[in-house]
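Asks: First, the structure itself, so that you have it in front of you.
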Amino acid sequence: MELVSDSIDKTVSLGTILGRSMTPGDVVCLEGELGTGKTVMVLGIARGRGYAGAVPSPTFTIIHTYPEVCLCHADAFRLSSADELLETGIEEYLEGDWIVAVEWADRVRDALPGDALTVRLAFGREDNKRLLTIEGTGEHGRRLAGVMGEVR
Amino acid sequence: MAVQVLGIETSCDESSASLVRDGTGLISNVVASQVDLHRDYGGVVPEIAARAHVESIIPVISEALAGVGERPDLIAVTVGPGLVGSLVVGISVAKGLAWSWDVPLVAVNHLEAHAMATVLESNALEYPFLALVVSGGHTVLAEVRGVDDMEIVGETLDDALGEAYDKVSMYLGLGYPGGPAIDRVSAEGRSDAVPFPRAMMKSGDFNFSLSGLKTAVIRFMQKAKREGDVPATADVASSFQAAALEVVVVKTVDAALERGLRKVVMGGGVACNSVLRRWLAEACEENGLALAQPSPSLCTDNAAMVASLGYFRYKAGHRSGLELDVYPNLRLGATIPRGQEG
C-alpha cells in the first residue's frame, strides 16, 4: 500500500495515527534514505502515544527510550549487522511491554521480529513530497497496515 | 593535601584516562581514538566501540599513571550519556580499581564535563556562565551556576550539530569524521554559494533544528545533478556550514544576553571547528561577552575533563558506591540517582 505526504506536518500526522493504534509488542521498521523523514515519522508516533516533548535523532546513542509512553526509538544508521543491534540490548524492549520504532531497520532486519509494520520512505519530485510504502507482516503488522489503509 | 584524581572516559569512540591534581592541574591526558576503526562505517559502531575500549582502556590507564609512584586519591568516571556497552567498560574498570586501591569513586556526566573543561586552562571558573556543548551526539546550551546547578537553556530538537556534519559530509563524499572534513574543504569554498535555510533562527527560543538543513543539502544536490549543474563540493560544504553555524552563534549570544550572563564557554568536539571558534569570538566581542575556548584536546572527548569535574563533585560531597550503573540517556543537569551514590 502506498501513501503520499506533501509536508513534514503530514508525515507527523500519519505517524500520530499509527501511534494511537499501537499496542505493546508492536514494531515499526522504518527504511529510506537520509532526509526522507524517518525521525519525523517517529515524532508522530510519540505524539500519538501522548508524548509532547522533543524526539531527537538517536543516531549517536542508538536507542532512546520514552518510558512515560513505553516507546523505544532505535536507529541503526551506524550499525552494519543485526548482532550489533542486539549488543545494544534492544531485546529488552522487543520482548517487553514496549512499542518499538527502528530507523534504518533494513540494516539490522535479522535482529527484529518478522511480525512488524514496515514503512519505506522515498523522496517525491517536489521538495516536501514523500512516498510511503507500507507493508505489514504477521498479526501485529497486518493490524497496523489495516489502520494505515483507512487513511486513504 | 593535594588530591590526585584518575579520570576514566569511554562514553563514545575515545578510550581516555587522565591524572589531574586538585581539579585543575593536568598531569596526564591519554586518548586512544577509534576513529580509524570507524571511518569505513561513516560513524561509530557500538560493538566495535565496546570491544576496542576493552582492549585499549588498561594500557591507556597505565600510560596516564606512568611516572606516578602512588595510587590516585580518587577515581572519576563517565556514567552517561553515551553508548551503553562503551560506558560499561569504563565504569567496570573504575569500580575494580576503586575497590582494589580502596579509594573513593565519583560519577560524572559527560556533558557537564564538556561544559566545565575550560577550568583546566583557566584554573578557576567564575559562575554563572553560558555553556555551548556541541558534539556528534549533542547540541546543548546550558546556564551553569555551579557544579550541582546546571540548567538546559536550549537544545537540538532533532539532529545534533556533529551528526549533521557527519551525515552531510558522507553525502557529499567527504568522509568521516565530518567535522574536520567540512571545516577543511569549506576554507576553499564560498559560504554564500547556496542560500540554505537558517532553521529556527526566529523560533523565539534557544532550541535548534538541523534535520531540515541536512535534507535541504540533499534535495539541493539531487536537483543540481538532475539539471547537470552541480556546484563545487567546497561551495556546498561551506554554504551548509555557514547555515548551521550562523544559527548556533546567534542563539548562543542571544541566550547569554537574555539570561544576563557575561561569559560564554565552549565544549564538545565541534568546538574545535575553526569557523565556529572565529565567528563566536567575533560575536561575543561585539556584545561585550567574555569567551572561553578550550584547546582542541580538551574539546574532543577526554578524561581530563572527567577527572576535573570529578574532583569538584567530590568536594561538593558526591560519592558513588560499587553498585554504580550507567545512564545512556543522561541529560545535562540531571541528578545521577542518589541510590547510586554511597
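Asks: In segment A:2-149, if every C-alpha pair distance is counted and binned at 5 Å from zero, what percent goes to each bin?
Replies: 2, 11, 22, 25, 22, 13, 4, 1, 0
Asks: Based on the alpha carbon coordinates of the protein assembly as shown, what radius of gyration and maximum Cα-Cα distance (Dmax) apply, in Å?
Replies: For the protein assembly as shown, the Cα radius of gyration and maximum Cα-Cα distance read 22.6, 73 Å.
Asks: Now for a separate question. So what are chain B's ellipsoid semi-axes, whole angstrom, largest first, if each one is the square root of 5 times an eigenvalue of the alpha-carbon gyration tensor? Provide the component values of the computation, followed by the final result.
Replies: On the way: eigenvalues 249, 103, 53 Å².
Values for chain B, descending: 35, 23, 16 Å.
Asks: Among A:LYS129/B:LYS225; B:LYS167/B:LYS223; A:LYS129/B:LYS223; A:LYS129/B:LYS251; B:LYS225/B:LYS251, which pairs are too far apart, with a Cα-Cα distance over 22 Å? Before the final figure, lay out the partial values.
Replies: Numbers: A:LYS129/B:LYS225 18 Å; B:LYS167/B:LYS223 18 Å; A:LYS129/B:LYS223 14 Å; A:LYS129/B:LYS251 30 Å; B:LYS225/B:LYS251 34 Å.
Long pairs (Cα-Cα over 22 Å): A:LYS129/B:LYS251; B:LYS225/B:LYS251.
Asks: Can I ask one more? So what J values fall out for segment B:201-211 if you push phi through Karplus, 6.51 cos²θ - 1.76 cosθ + 1.60 with θ = phi - 60°, rounded to Hz, Gly and Pro as x?
Replies: My calculation for segment B:201-211 gives 4, 10, 6, x, 9, 10, 7, 10, 9, 10, 5 Hz in order.
Asks: Multiply the residue separation of B:ALA193 and B:LEU26 by 0.36 nm, subtract the distance between their alpha-carbon atoms, and state the gained length in nm to one decimal.
Replies: Working: separation 167, 0.36 × 167 = 60.12 nm, distance 4.37 nm.
Working it through step by step, the gained length comes to 55.8 nm.
Asks: Still on this model: Figure the gain on full extension for A:GLU33 and A:ASP115 (residue separation times 0.36 nm, minus the Cα-Cα span) and round it to one decimal in nm. Show your work: numbers first, answer last.
Replies: Working: separation 82, 0.36 × 82 = 29.52 nm, distance 2.32 nm.
Taking A:GLU33 through A:ASP115 to full extension adds about 27.2 nm, to one decimal.
Asks: Could you sort the peptides B:149-157, B:235-243 by per-residue average Cβ neighbour count (10 Å cutoff), highest mean leading? Don't skip to the end; give the middle numbers.
Replies: On the way: B:149-157: 19.1, B:235-243: 24.2.
Going from most to least packed, we get B:235-243, B:149-157.
Asks: Tell me, what does the Kirkwood hydrodynamic radius of segment B:249-342 come to in angstroms if you use every pair of distinct C-alpha atoms?
Replies: Details: mean 1/r = 0.0638 Å⁻¹.
The answer is 15.7 Å.
Asks: Give me a single rounded figure for B:156-166: the average over its residues of other chain Cβ atoms within 10 Å of their Cβ.
Replies: Details: counts 3, 7, 7, 5, 5, 0, 2, 6, 1, 0, 4.
Taking all residues of B:156-166 together, the mean is 4.
Asks: How large is ³J(HN,Hα), in whole Hz, for each residue of segment B:132-148 in order, when computed from phi with the Karplus curve 6.51 cos²θ - 1.76 cosθ + 1.60 and θ = phi - 60°, using x for Gly and Pro?
Replies: Here the 3J(HN,Hα) series is 10, 10, 10, 8, x, x, 9, 9, 9, 10, 9, 8, 10, 9, x, 4, 10 Hz.
Asks: With N denoting the number of residues in segment B:127-294, provide Rg(C-alpha) divided by 2.2 N^0.38 Å, to two decimal places. Kindly include the intermediate steps, with their values, before the conclusion.
Replies: Details: Rg = 15.9 Å, N = 168, 2.2 N^0.38 = 15.4 Å.
Taking N as the residue count of segment B:127-294, the ratio is 1.03.
Asks: Next question. Give or take rounding to whole Å, what are the principal axis extents of the alpha carbon atoms in segment B:50-107, in descending order?
Replies: 33, 21, 16
Asks: Compute the FRET efficiency between B:ASP148 and B:ARG259 as 1/(1 + (r/R0)^6), taking r as their Cβ-Cβ distance and R0 = 22 Å, and round to the nearest 0.05.
Replies: 0.75
Asks: Once the Cβ-Cβ distance between B:TRP99 and B:VAL68 is put in as r, and R0 is 25 Å, what FRET efficiency do you end up with, to the nearest 0.05? All intermediate terms of the calculation are to be shown ahead of the outcome.
Replies: Numbers: r = 20 Å, r/R0 = 0.79.
Here the calculated transfer efficiency is 0.80.
Asks: Antiparallel DSSP bridges in the protein assembly as shown: what percent, to the nearest 5? Could the numbers behind the result be given before it?
Replies: Numbers: 43 of 73 bridges.
Expressed as a percentage, antiparallel bridges in the protein assembly as shown total about 60.
Asks: When the helices in the protein assembly as shown are scored as -39500 (n - 2.57) per DSSP H run of 4 or longer and the sum is shared across all residues, what 222 nm value do you end up with, to the nearest 500 deg cm²/dmol? Mind dumping the intermediate values first?
Replies: Values: 17 runs with 192 residues, N = 494.
So the calculated ellipticity at 222 nm is -12000 deg cm²/dmol.
Asks: Average partner chain C-beta neighbours within 10 Å, per residue of A:79-87? Please report the intermediate quantities before stating the final value.
Replies: Values: counts 7, 7, 2, 0, 1, 8, 2, 1, 10.
Partner Cβ neighbours, averaged per residue: 4.
Asks: In degrees from 0 to 90, rounded to the nearest 10, what is the angle of the helix B:161-171 Cα long axis to the longest principal axis of chain B?
Replies: Once rounded, the angle reads 50 degrees.
Asks: Ok, one more. Gap in Å between the Cα centre of segment B:94-168 and the Cα centre of segment A:93-133?
Replies: After rounding, the separation between the Cα centres reads 33 Å.
Asks: Here is a further query. Would you kindly derive the ³J(HN,Hα) couplings of segment B:254-263 from the backbone phi angles with the Karplus curve 6.51 cos²θ - 1.76 cosθ + 1.60 (θ = phi - 60°), listing them in order in whole Hz, with x for Gly and Pro?
Replies: Couplings: 4, 5, 4, 5, 4, 8, x, 8, 9, 9 Hz.
Asks: Report, in debye and to the nearest 20, how large the dipole of the protein assembly as shown comes out about its Cα centre when Lys and Arg carry +1 and Asp and Glu carry -1 on their Cβ. Spell out each step's value before the answer.
Replies: Values: 42 positive and 65 negative charges, 183 e Å.
The dipole of the protein assembly as shown has a size of about 880 debye.
Asks: Run the quick spin-label model on A:THR133 and A:GLU68: label points 7 Å from Cα toward the beta carbon, then report their separation in nm to one decimal.
Replies: Reported label-point gap for A:THR133 and A:GLU68 is 3.7 nm.
Asks: State the antiparallel share, in %, of DSSP beta bridges confined to chain A, rounding to the nearest 5.
Replies: 55
Asks: Next question, about the same structure. For helix A:138-149, report the angle its Cα long axis makes with the longest principal axis of the Cα atoms of chain A; keep it between 0 and 90° and round to the nearest 10°.
Replies: 20
Any read-out appearing in this document is the output of simple, stated calculations on the displayed coordinates, not a laboratory observation. Quick caveat: nothing in here was measured; it's all calculated off a predicted structure. FYI the Cβ positions are ideal-geometry reconstructions off the backbone, even for glycines, and counts take in every protein chain you see.
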